[in-house]
Amino acid sequence: MSEETPAPAKKTNRLGLEMASYRGSKTTLCAGCGHNAISERIIDAFYEMGVDPKRVVKFSGIGCSSKSPAYFLNPSHGFNSVHGRMPSVATGAMLANRTMLGIGVSGDGDTGAIGIGQFVHLMRRNLPLIYIIEDNGCYGLTKGQFSPTADLGSKAKNGVVNDLPPIDTCALAFELGASFVARSFSGDKKQLLSVLKAAISHRGTSMIDVISPCVTFNDHDGSTKSYSYVKDHDEQLGEISFVPYFEDINVEYEAGSTTTVKMHDGSHLYLRKLAEDYNPSDKMTAMRLLHETALRGEFATGVIYIQPDKEDFVDSLNLVDEPLAFLPTERTRPGKAVLDELMDSLR
Ligand SMILES: Cc1ncc(C[n+]2csc(CCOP(=O)(O)OP(=O)(O)O)c2C)c(N)n1
Ligand code: SF4
Ligand SMILES: [Mg+2]
């Protein structure tokens, strides 16, 4: 009788978890939708970084993009909120439990149209949250109308030409004080993975605009969010290598060609620069880059701006260390004696 060969051990991460613990439900989005590729990279990034999925809370608004959190990190907490209102829900949740890692997925319509008011305040507050815009330049869920990120002159499937200038969400986030601003492309696996890993390590708002073609309504010749357009007009900021703090730092790089950014948690982000003098921690450089590439009709991809030490919203409120959600009532509600004393002081 032949001895049975033992099954090969399943691959696990530093927490001993298999990739299956990071997956979500089966996608219901169109086959080939850029949003599906982004979900795959989120799964890879959280698995490779060894983040406990039970410590993660996922947020979204409404749209095809906002359905995505159902397709990654099944064991995590989740709140699929109202169209354009995800930032206020995320703010409440992150204040209630500061130990959670928050990730929000929005769309260019969800963020740039109905949700623009919430978006601007999120950016200026620097709430600890990874905020991903899955940017296809249209309202995919409601059949492809132009969104505020559609480029001037872009042509919709039905032949209508967009006659309004676009909002550049990276430029807006940057102007409003976001401490991490990046742009990537759903089809660039390597770059998107590195950007997501860096965002996981950043404490503060990590705003990532990911160009994500809508294969059903916005992947045709007149669109600047189509695969072919982005492939031809994508100016890569540099080759990014990300080294988490729990691994030995061992990256080969040529002297003079790499910028190192020390992240809030002690990990490092290395950017191999193609542009001679690109420095993501220099505000003026980032501002010039955003304007110059926009004028040339190009997308600068990579980490455009990073300010690792900016105080985040939760810290700025001087909250107690314990999550508010776990405090007993007697510590959150002042008793009658305290209220009486307060009233007396106002007399
Ligand atoms: C209050 C409200 N207004 C309008 C809608 C209709 N609606 C649903 S999704 C959507 C736009 C989605 O576009 P986007 O955020 O870009 O997501 P995509 O589907 O392109 O991923 C709109 C206008 C709604 N659901 N709720
Ligand atoms: S309609 Fe567009 S955005 Fe929505 S799932 Fe299909 S390809 Fe994706
Ligand atoms: Mg959209």
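The values are calculated or read from the model by the stated rules, or taken from the named source; none is laboratory data. What you are looking at is a predicted structure, and each value in this text was computed from that prediction instead of being measured. All Cβ positions, even for glycine, are placed from backbone atoms using ideal geometry, and neighbour counts span all protein chains on display. All accessible areas refer to the heavy atoms of the entire protein, side chains included, with ligands and DNA or RNA removed. Shrake-Rupley method; radii C 1.70, N 1.55, O 1.52, S 1.80 Å.
Against the conditions (1) out of contact with any Phe, Trp or Tyr (no Cβ under 9 Å at 6 or more places or on another chain); (2) more than 15 Å from ligand 1 (Cβ to nearest atom), where does Met207 fall short? Just the number, please.
(1)
I'm trying to understand the selection: among the residues of the range 137-172, which are more than 23 Å from Gly302 (Cβ to Cβ), away from ligand 2 (no atom under 13 Å from the Cβ) and not in a loop (DSSP other than H, G, I, E, B)?
Phe146, Lys155, Val161
For the range 202-223, which residues satisfy the criterion of being open to solvent by 20 Å² or more (accessible area, probe 1.4 Å) and within 16 Å of ligand 3 (Cβ to nearest atom)?
Listed by number, the residues that qualify are Val215, Thr216, Phe217, Asp219, His220.
Inside the range 102-114, can you point out the residues that are crowded, with 20+ Cβ neighbours inside 10 Å and either among the aliphatic types (A, V, I, L, M) or within 12 Å of ligand 3 (Cβ to nearest atom) (or both)?
Within the range 102-114, Ile103, Val105, Ser106, Gly107, Asp108, Gly109, Asp110, Thr111, Gly112 meet the criteria.
Find all pairs meeting these conditions: Cβ atoms under 8 angstrom apart; at least six residues apart or on different chains; first residue within the range 103-116 and assigned to a loop (DSSP other than H, G, I, E, B); second residue more than 8 Å from ligand 1 (Cβ to nearest atom).
Pairs that qualify, where the first residue is assigned to a loop (DSSP other than H, G, I, E, B) and the partner is more than 8 Å from ligand 1 (Cβ to nearest atom), are Ala113/Pro148; Gly115/Arg85; Gly115/Met86; Gly115/Pro87.
Looking at (1) part of a helix (DSSP H, G or I); (2) open to solvent by 20 Å² or more (accessible area, probe 1.4 Å), can you tell me which one Pro75 breaks?
(1)
With the condition kept exactly as written, say whether any residue in the range 117-136 is more than 16 Å from ligand 2 (Cβ to nearest atom), among the polar types (S, T, N, Q), open to solvent by less than 10 Å² (accessible area, probe 1.4 Å) and under 25 Å from Val57 (Cα atoms).
So in the range 117-136, the residues more than 16 Å from ligand 2 (Cβ to nearest atom) come out as 117-131.
Pick out the ones that are also among the polar types (S, T, N, Q) and you get 118, 126.
Remaining after also requiring open to solvent by less than 10 Å² (accessible area, probe 1.4 Å): 126.
Pick out the ones that are also under 25 Å from Val57 (Cα atoms) and you get 126.
Yes: one or more hits.
Is at least one residue of the range 2-14 under 30 Å from Asn218 (Cβ atoms) and outside any helix (DSSP H, G or I)?
no
If only one of Gly34, Gly84, Gly61 is without any contact (Cβ under 8 Å) to a residue 40 or more places away in the chain, of a type outside the set (A, V, I, L, M), near ligand 1 (Cβ under 10 Å from one of its atoms) and buried (at least 24 other Cβ atoms within 10 Å of the Cβ), which one is it?
Only one candidate passes the filter, namely Gly84.
For residues in the range 293-323 being assigned to a helix (DSSP H, G or I) and at pLDDT 85 or above, which is surrounded by the fewest Cβ atoms within 10 Å (Cβ to Cβ)?
Quick first cut of the range 293-323, residues assigned to a helix (DSSP H, G or I) only: 293-295, 313-316.
Pick out the ones that are also at pLDDT 85 or above and you get 313-316.
Details: Phe313: 18, Val314: 19, Asp315: 14, Ser316: 11.
The selected residue is Ser316.
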